[in-house]
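A.B. asks: Provided herewith is a single structure, encoded as structure tokens, for subsequent inquiry.
The values are calculated or read from the model by the stated rules, or taken from the named source; none is laboratory data. Please read these numbers as outputs of a predicted model, since none were measured by experiment. Note that we place each Cβ from the backbone using ideal geometry, even for glycine, and neighbour counts take in every protein chain shown. Quick note on the areas: whole protein, heavy atoms, side chains included, nothing else; ligands and nucleic acids left out. Shrake-Rupley method; radii C 1.70, N 1.55, O 1.52, S 1.80 Å.
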There are 2 protein chains.
Amino acid sequence: MNGAESLVATLVESGVDVCFGNPGTSEMHFVATLDRVAGMRAVLCLFEGVVTGAADGYGRMAGKPAATLLHLGPGLGNGWANLHNARRAASPIVNVVGDHAKYHVQYDAPLTSDVMALARTCSGWVHSSINSRSVAADGARAVQAARATPGQIATLILPADTAWDDADGLAPALPVQSAAPVSIEVVDDVAKALRASKRAAILIRGAGLLKPGLEAAGRVAEATGAKLICDTFVPRLQRGAGVVEIERIPYFAEQIVDFLAGYDTLVLVGGQPPVSFFAYPAKPSWCTPEGCRIVYLAQPHEDQLGALQALAEAVGAAPQAAKRPKLNVPDSPTGGLSQATAAMAIAKYLPEGAVLIDEAATSGLAPYGFTSTAAPHDYLGLTGGSIGWGLPVAVGAAVACPDRKIVCLHGDGGAMYTIQSLWTQAREKLDVINVIFANRSYAILNIELMRVGAGNGGPKALSMLDIGSPTLDFVKIAEGMGVSASRAETAEQFADQFADAVKQKGPRLIEAVL
Amino acid sequence: MNGAESLVATLVESGVDVCFGNPGTSEMHFVATLDRVAGMRAVLCLFEGVVTGAADGYGRMAGKPAATLLHLGPGLGNGWANLHNARRAASPIVNVVGDHAKYHVQYDAPLTSDVMALARTCSGWVHSSINSRSVAADGARAVQAARATPGQIATLILPADTAWDDADGLAPALPVQSAAPVSIEVVDDVAKALRASKRAAILIRGAGLLKPGLEAAGRVAEATGAKLICDTFVPRLQRGAGVVEIERIPYFAEQIVDFLAGYDTLVLVGGQPPVSFFAYPAKPSWCTPEGCRIVYLAQPHEDQLGALQALAEAVGAAPQAAKRPKLNVPDSPTGGLSQATAAMAIAKYLPEGAVLIDEAATSGLAPYGFTSTAAPHDYLGLTGGSIGWGLPVAVGAAVACPDRKIVCLHGDGGAMYTIQSLWTQAREKLDVINVIFANRSYAILNIELMRVGAGNGGPKALSMLDIGSPTLDFVKIAEGMGVSASRAETAEQFADQFADAVKQKGPRLIEAVL
């Protein structure tokens, strides 16, 4: 048994049985191992940004890490942006990066770079294996690190000689470090704060955004009058008919200020106070009202669900939340195609248990609104703000949840970052509907150009925000990668195509021309 | 005048008049400036790997830096791999990375990351501007740093408030730090070493690979019997009919060992001793024969051309090199399409002054061979080994050399990394012929899998090297981005399509099915 075999066997033993990869020469022993060690599914992606985004989507939906397989510094560089998004979602990822054999680094061969320094900028845990006999143990530690609540990116750098030299066998799985309990004193303090408050909001992130957490939070809200709120960009939120509702904080700083105005108490459950996404001249970065008391019920590494349930008891809440939205979907839309009419069709036909991935940017407001009372589903948001995330995340979510329909709503600008994802969707026959909102613009930047006080923009500036010349033909691009695709230019066309895609299995792309 | 205006005016004043960009909110003031400050051409790319690759291609061909415009840590991450390639080519790049306003970083908003730490891993020079009144001076320093011989990546991090706050005006251009002269003592020592040698090789990189350097080197070779050699992957090499020829070191370590066997002296001109690209079990990393004397004529920051010319005098060389290849191109090929028949057509129709960009990987051997006696041209190689480089570099080379035909030879696997380049080629109407060698495989990895001693590979391993399922349709993908495209399946089809593309202006893609 060589180091690579001991590592893959250890990963499988530790519950990591999917590897998204784009390997090169230095990873060939890891690749060869896939046939020698049972139990690891390998999913090839044509670009490392797809690899890391897929690992993010998988981590969010499977609740456990996938492994990646990246090729030296450049592979990690290509995967960096979606690791950033994953880090901001606290997704668990075992990020395996091949490197030159240790003795080879001294020669400064063309692919040499400081992989450790690069890994430190995007990881919660980093280790470079010293030799082939410690790789298995390092793998077990990487899985443990990735799974530590709330989840993090554990980067294991694998010098090629640690993969090909002899090893002793697999390492046993290490215990998963579960969420730290919240003390009853903290819970009681929060309960007191809520009682003392005239107007309170409870901001929830992490495990509290799944049904049981929302249920407990809903009981607290009904007992205390507190409002339940979540970040604009959430890692994973369960929502729709029958699920206790939570209100999303708006995107722009001045909207957040208005949204929070009048609150005297902000309770944090796994999150931080909301701030402006960007800085703007003469606009606030900090959005919590002056004098508002901030109390932490649970930190990100703590047991948010347990804390919410304990808080419900502490405030004497009823045993069940009463307020839940009923299923309420619009009629199938007619007329012109807009984000609103597209959203009506999406809400109407969204199947129960769907995973809704939202990188629709400016086109995402109406879909978010209309789906709030659609069939219950999981919603994944762009936590790190780095575009080119949605299509890869759809790959990972589909691998994690083969029996659920994945619906990926995407802006055209962001879609072009990691468009190679479509090929992996086709190759793995993943059940994904990709909706590309083609407004042929980085539309958000037209708004931001004015908001930053840079004026309306002259022709050269505006041309840098315009992706309509030449027009991107997403139908051809998707077909070129083996994904069935169609274009919708009216609401009826969109509704027909979306309804049809819901009925079929396998990947599909709809270009929604806005 | 604000900081962004002072910066752009300074860049233009310093000779940087092209900016490849993919900006976001934090760069909006820079963008707005494009209409207020004259002289900066802005080229939009749909992904930052295209931005940095284009800057590499521009730097190599223009001999001066372009600016980039990247959006925070994720934008830099997306551009990292092609910055790695550029760093390995010593390309001059002024790498401008927007960041959050300094006072905003404390709030850890979603796009926050350690941009400085990330920039350090891919830059030769890094600075983050302190305030708007120093941005202009920082810009002048960045240009000076980028242009210091042999060229480097100078990363200027631009916090948003340094762009929008008031500035005093542009900063004057700083003197370009030219190549350091090589002392006559060093030249004489090398001349002595060559005289004492029974069999010598002169390894040239950098400025020595342009015509005047090759001319001087050719004189030395004829006077001393030394062999002229260059790295497998060169930043820029002038070659073809009438240009003194230099032999390329082969790729694999054991081939390099054979290639250098029997040499007692290795003279280095701007380069380092050749080493194995990767490490392999029981194969050498160091390839220079034991006992071979290594002498440095010029370091990378020194004047390679001057040193070669002085060496020619020191060895009493004739005033002109006599040995140069004559124009010798094959007949137009017939029959099956292979890299050899494609190469024949490329060599036959390659126009004088073309820029030949080579990321053809395993399909590149025959094209390199056949074009050695084609019309004189510039040849650009994949210096950093990170694939997804060629198509972006074609963008930059075409912007730098609007009157020259750019021919980009690309493997299909690498092409999918930065396929978005085609859109910018279409948008800017760049005169590029993209040839995609579609062998539907990461073919090099099939060789490497065996070379690393990992065995032949079972079905799962081999599937990770196979990109043929589903088949990528590069014609559709290119058309989807506005580039005319065709597919060739016979030698005649390829020759006709390539000859036709040479006659036309503007971007074109040929999928060569191997």
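A.B. asks: Looking at the square roots a ≥ b ≥ c of the eigenvalues of the Cα gyration tensor of segment B:109-250, which shape do they give, rounded for a/c under 1.5, prolate if a/b is larger than b/c, or oblate?
C.D. replies: In terms of gyration-tensor shape, prolate.
A.B. asks: Calculate the spin-label point distance for residue A:447 paired with residue A:294, positioning each point 7 Å from the Cα along the beta-carbon direction, and give it in nanometres.
C.D. replies: 2.5
A.B. asks: List the distances, in nm to one decimal, from the label point of residue B:117 to the label points of the same position in every other copy, shortest first, placing each label point 7 Å from Cα along the Cα-to-Cβ direction.
C.D. replies: Distances between equivalent label points, in nm: 1.3.
A.B. asks: To the nearest 0.05, what FRET efficiency results for residue B:178 and residue B:365 with a Förster distance of 45 Å applied to their C-beta separation? Each step should come with its number before you reach the end.
C.D. replies: Values: r = 37 Å, r/R0 = 0.82.
Using R0 = 45 Å, I get an efficiency of 0.75.
A.B. asks: Test of understanding: express the Cα radius of gyration of the protein assembly as shown as a ratio to 2.2 N^0.38 Å, with N the residue count.
C.D. replies: 0.95
A.B. asks: Same structure again: If you put a point 7 Å past Cα along the Cβ direction, how far is that point for residue A:460 from the same point in each other copy, in nm, smallest first?
C.D. replies: 5.5
A.B. asks: Separate question: Within a 10 angstrom radius of each residue's Cβ in A:283-294, how many Cβ atoms of other chains show up on average? Whole number is fine.
C.D. replies: Partner-chain Cβ atoms within 10 Å, mean over residues of A:283-294: 1.
A.B. asks: If I stretch the segment between residue B:130 and residue B:282 completely, what's the gain in nm (0.36 nm per residue apart, minus their alpha carbon distance), one decimal?
C.D. replies: On the way: separation 152, 0.36 × 152 = 54.72 nm, distance 5.13 nm.
Fully extending the segment from residue B:130 to residue B:282 adds 49.6 nm.
A.B. asks: Work out the FRET efficiency for residue A:106 and residue B:490 from their Cβ-Cβ distance, taking R0 = 45 Å, and round it to the nearest 0.05.
C.D. replies: Rounded to the nearest 0.05, the efficiency is 0.40.
A.B. asks: Against the empirical 2.2 N^0.38 Å scaling, what ratio does the C-alpha Rg of segment B:196-316 come to?
C.D. replies: Compared with the compact-globule rule of thumb, segment B:196-316 sits at 1.02.
A.B. asks: Which lysines, on any chain, are close to residue B:323 with Cα under 26 Å apart, when same-chain ones fewer than 8 places away are left out?
C.D. replies: B:192, B:198, B:211, B:227, B:348
A.B. asks: For segment B:265-341, what class follows from the C-alpha gyration tensor (a ≥ b ≥ c being the square roots of its eigenvalues): rounded when a/c is under 1.5, otherwise prolate if a/b is larger than b/c, else oblate?
C.D. replies: Note, shape of segment B:265-341 comes out oblate.
A.B. asks: Rounded to a whole number, what is D in µm²/s for segment A:1-136 from Stokes-Einstein with the Kirkwood radius over alpha-carbon pairs (4 °C, 1.567 mPa s)? Show your work: numbers first, answer last.
C.D. replies: Working: Rh = 14.9 Å.
Stokes-Einstein gives a translational diffusion coefficient of 87 µm²/s.
A.B. asks: Taking the Cα centre of each part, how many Å lie between segment A:323-389 and segment B:152-230?
C.D. replies: Each part reduced to its Cα centre gives a spacing of 58 Å.
A.B. asks: With both bridge residues required to lie in chain A, what share of the DSSP beta bridges run antiparallel, to the nearest 5%?
C.D. replies: The antiparallel fraction comes to roughly 10 percent.
A.B. asks: In whole Hz and in residue order, list the ³J(HN,Hα) couplings for segment A:287-299 that follow from phi through the Karplus curve 6.51 cos²θ - 1.76 cosθ + 1.60, θ = phi - 60°; x for Gly and Pro.
C.D. replies: In residue order, the calculated couplings are 10, 6, x, 4, x, 5, 7, 9, 10, 8, 7, 8, 7 Hz.
A.B. asks: Also, I was wondering about something else. Mind checking A:443-456 for the average number of partner chain beta-carbons within 10 Å of each residue's beta-carbon?
C.D. replies: 4
A.B. asks: Same structure again: Axis carrying A onto B: which residue of A has the nearest Cβ, and how far, whole Å?
C.D. replies: It is A:476, 2, counting Cβ atoms only.
A.B. asks: Pairs of Cα atoms under 8 Å, at least six residues apart: use those to get the relative contact order of segment B:382-498, whole percent.
C.D. replies: Computed over segment B:382-498, the figure is 23 percent.
A.B. asks: Same structure, new question: With θ set to phi - 60°, apply the Karplus curve 6.51 cos²θ - 1.76 cosθ + 1.60 along segment B:98-108 and write out the HN-Hα couplings as whole Hz, x wherever there is a Gly or Pro.
C.D. replies: x, 9, 4, 3, 4, 6, 8, 4, 4, 8, 6
A.B. asks: Now for a different question. Tally Lys and Arg at +1 and Asp and Glu at -1 over the other residues with C-beta under 11 Å from the C-beta of residue A:269: what net charge comes out?
C.D. replies: -1
A.B. asks: Output the Kirkwood hydrodynamic radius of segment A:113-153, Cα pairs only, in Å rounded to one decimal.
C.D. replies: Numbers: mean 1/r = 0.0908 Å⁻¹.
Over segment A:113-153, the inverse of the mean reciprocal pair distance is 11.0 Å.
A.B. asks: Shifting gears a bit: Between copies, how far does the label point of residue A:471 sit from its twins, in nm, shortest first, when each point is 7 Å from Cα along Cα→Cβ?
C.D. replies: 2.8
A.B. asks: Can you tell me the equivalent ellipsoid semi-axes for segment A:55-123? Use √(5λ) from the Cα gyration tensor, largest first, whole Å. Don't skip to the end; give the middle numbers.
C.D. replies: Numbers: eigenvalues 134, 25, 14 Å².
Over the Cα atoms of segment A:55-123, the semi-axes work out to 26, 11, 8 Å.
A.B. asks: Follow-up question, since we're still on this one. Over chain A, what relative contact order in percent results from Cα pairs under 8 Å that are six or more residues apart? Let's see the in-between values first.
C.D. replies: Details: 1268 pairs, mean separation 73.5, N = 514.
The value is 14 percent.
A.B. asks: Another one. Go from 0 up to the bin containing the longest alpha carbon distance in segment A:1-73, width 5 Å each, and give me the % of pairs per bin.
C.D. replies: Values per bin, smallest distances first: 3, 18, 28, 26, 18, 7, 1.
A.B. asks: At q = 0.14 Å⁻¹, work out log10 I(q)/I(0) for segment A:401-514 with the Debye formula, treating every Cα as an identical point scatterer and leaving solvent out; two decimals please.
C.D. replies: -0.62
A.B. asks: Next up: If amide hydrogens are placed 1.01 Å from N in the peptide plane, which non-local residues have theirs closer than 5 Å to the one on residue A:439?
C.D. replies: Those lying under 5 Å, H to H, from residue A:439 are A:412, A:514.
A.B. asks: Would you mind listing how long segment A:232-292 runs along its three principal axes, going by Cα atoms, in whole Å with the largest first?
C.D. replies: Projected onto the principal axes, the Cα atoms of segment A:232-292 cover 41, 24, 19 Å.
A.B. asks: A further question follows. Restricting to Cα pairs below 8 Å that are 6+ residues apart, what does the relative contact order work out to for segment B:248-336? Please round to a whole percent.
C.D. replies: Numbers: 89 pairs, mean separation 23.3, N = 89.
Relative contact order comes out at 26 percent.
A.B. asks: Let me ask you something else. By a straight-distance test (C-alpha under 12 Å), which aspartates and glutamates pair with residue A:326 as possible cross-link partners, with residues fewer than eight away in the same chain excluded?
C.D. replies: Reachable aspartates and glutamates: A:245.
A.B. asks: Related question: What 222 nm value per residue comes from the helices of the protein assembly as shown, counting each DSSP H run with n ≥ 4 as -39,500 (n - 2.57) and dividing by all residues, nearest 500 deg cm²/dmol?
C.D. replies: -11000 deg cm²/dmol
A.B. asks: If I compute solvent accessible area with a 1.4 Å probe over the protein chains, what percent of it on chain A is carbon and sulfur?
C.D. replies: 52
A.B. asks: In peptide B:469-477, what is the residue-averaged number of other protein chain Cβ atoms found within 10 Å of each Cβ?
C.D. replies: Counting Cβ atoms of other protein chains within 10 Å of each residue's Cβ and averaging gives 6.
A.B. asks: While we're here: Could you pull out every residue, at least 5 positions away or on a different chain, whose amide H is within less than 5 Å of the one on residue B:431? Hs are placed 1.01 Å off N in the peptide plane, and Pro or chain starts have none.
C.D. replies: B:506
A.B. asks: List the lysines whose alpha-carbon lies under 27 Å from that of residue A:460, not counting same-chain residues fewer than 8 positions away?
C.D. replies: Candidates past the 8-residue exclusion: A:283, B:64, B:405, B:429, B:505.
A.B. asks: With a ≥ b ≥ c the root eigenvalues of the C-alpha gyration tensor of chain A, is it rounded (a/c under 1.5), prolate (a/b larger than b/c) or oblate?
C.D. replies: oblate
A.B. asks: How much accessible area is lost when chains A and B come together, counting both sides, with a 1.4 Å probe, in Å² rounded to the nearest 100?
C.D. replies: 8100
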